[in-house]
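Here the structure is laid out as structure tokens; the discussion comes afterwards.
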Amino acid sequence: MRKKVSPVPAHIGIIMDGNGRWAQQRGQRRTQGHLEGLKAAKRVVKAASDLGVRYLTLYTFSTENWKRAAEEVGFIMGLVRQYLRGELDFYRENRIRIRHAGDTAGLPPDIAGELRKAAEDTGGFDGMQVILALNYGGRDEIVRAARRLAASGPRAEITEAAISAHLDNPDVPDPDLIIRSAGEFRISNFLLWEGAYAEYLVSPKFWPDWTGEDLERAIEDFRGRNRRFGGTVK
Ligand code: IPE
Ligand code: IPE
Ligand code: MG
């Protein structure tokens, strides 16, 4: 009997980890790692779009990352600003739509503004959707969804469907594959609700070393898996 091969995952989430270690290993500053990490993100976005992925969620900055030194946080926010402003031609050429997941209210106002503008400018594109998880925490998203649901009326029914409908991007399907670079076997508060039945893949490579080929290999690995969703083997 032929082995069942899954299609390309419609939605991939990536925990882009290891920028700091990549830099430290080279005797460089952590910020240099973030700079190289942005280059890797661009490579992987292009590869995902070419491979036919429909949604790509990039874990860019967590609700816990504010604990870091002000210099590092400021540098990452600067890179995000630069990315959002500088890539419009690339989005247009590749029909890529930019969206945000996370708590907008807790972001520096200029970054929130850039995100809104990029989402507006690319809102009509019908290619892959890139969801930037920025000031994102899975628990925080569930709490905000519960608040929105409670505010929707005194008779709001609490069901899985109702909570899902109040998440940050309710129309985006759950991730099929969640990748973590840099070898850590933990979820670090990423897509807790949506990732209930995602396939997980941990790669030892630091994020700045990631290429489109690494994504291709991850997709190949995913395609050989047998997803059961609590059922039995088909
Ligand atoms: C991921 O790389 C980027 C962010 C969390 C913003 P890290 O900065 O966490 O790199 P390591 O884990 O310290 O190597
Ligand atoms: C997760 O990485 C967050 C992002 C990649 C944006 P962290 O480096 O913050 O996670 P921990 O601290 O190792 O769990
Ligand atoms: Mg890290």
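By the gyration tensor of its Cα atoms, with a ≥ b ≥ c the square roots of the eigenvalues, what is the shape of the range 56-99: rounded for a/c under 1.5, prolate for a/b over b/c, or oblate? Mind showing how you got there, number by number?
On the way: a/c = 5.08, a/b = 1.98, b/c = 2.56.
Judged from the Cα gyration tensor, the range 56-99 comes out oblate (a/c at least 1.5, b/c at or above a/b).
Taking 0.36 nm per residue of separation and subtracting the Cα-Cα distance, what length does fully extending R228 through R81 add?
48.9 nm
Leaving out same-chain residues fewer than 8 places away, which aspartates and glutamates sit with a Cα under 12 Å from that of K46?
Hits, sequence-local ones excluded: E87, E93, E213, E216.
Loop only per DSSP, at most 10 neighbouring Cβ atoms within 10 Å: give me the trypsin sites (Lys or Arg not before Pro) in the range 143-211, ordered by residue number.
Values: sites: R144, R147, R148, R155, R180, R186, K205; in loops: R155, R186, K205.
Sites meeting the loop and neighbour criteria: R155, R186.
Any chance you could check the Cα centroid distance between the range 84-143 and the range 215-229 for me, in angstrom?
Centre-to-centre distance over Cα atoms comes out at 27 Å.
Please state the shape class of the range 71-192: rounded when a/c is under 1.5, otherwise prolate if a/b exceeds b/c and oblate if not, all from the C-alpha gyration tensor. Show your work: numbers first, answer last.
On the way: a/c = 1.59, a/b = 1.41, b/c = 1.13.
Prolate, because a/c is 1.5 or more and a/b exceeds b/c.
How would D214, D174 line up from fewest to most surrounding beta-carbon atoms within 10 angstrom? List each step's numbers first, then the result.
Values: D214 19, D174 16.
Fewest-to-most ranking of D214, D174: D174, D214.
When the convex hull of the C-alpha atoms of the range 11-221 is computed, what volume per residue in Å³ does it have? Walk me through the numbers on the way to the answer.
Details: hull volume 25.6 nm³, N = 211.
For the range 11-221, the hull spanned by Cα atoms encloses 121 Å³ per residue.
Report the one residue of A151, A118, P7 whose Cα lies farthest in the direction of the positive end of the charge dipole of the chain (charges on C-beta: Lys and Arg +1, Asp and Glu -1; origin at the Cα centre).
About the Cα centre, the residue reaching furthest to the positive side is P7.
Grab the Cα-Cα distance for K117 and I163, subtract it from 0.36 nm times how many residues apart they are, and report the gain in nm with one decimal. Walk me through the numbers before you get to the answer.
Numbers: separation 46, 0.36 × 46 = 16.56 nm, distance 2.74 nm.
Stretched fully, the K117-I163 segment lengthens by 13.8 nm.
Go ahead and estimate [θ] at 222 nm for the chain from helices alone: -39,500 (n - 2.57) per DSSP H run with n ≥ 4, summed, over the residue count, rounded to 500.
Values: 8 runs with 99 residues, N = 234.
Result for the chain, helices only: -13000 deg cm²/dmol.
Throughout, read-outs are computed from the coordinates displayed, never taken from laboratory work. Given the structure is predicted, the values throughout are model-derived calculations rather than measurements. Cβ coordinates were reconstructed from backbone atoms using ideal geometry, including for glycine residues, and neighbour counts include every protein chain displayed.
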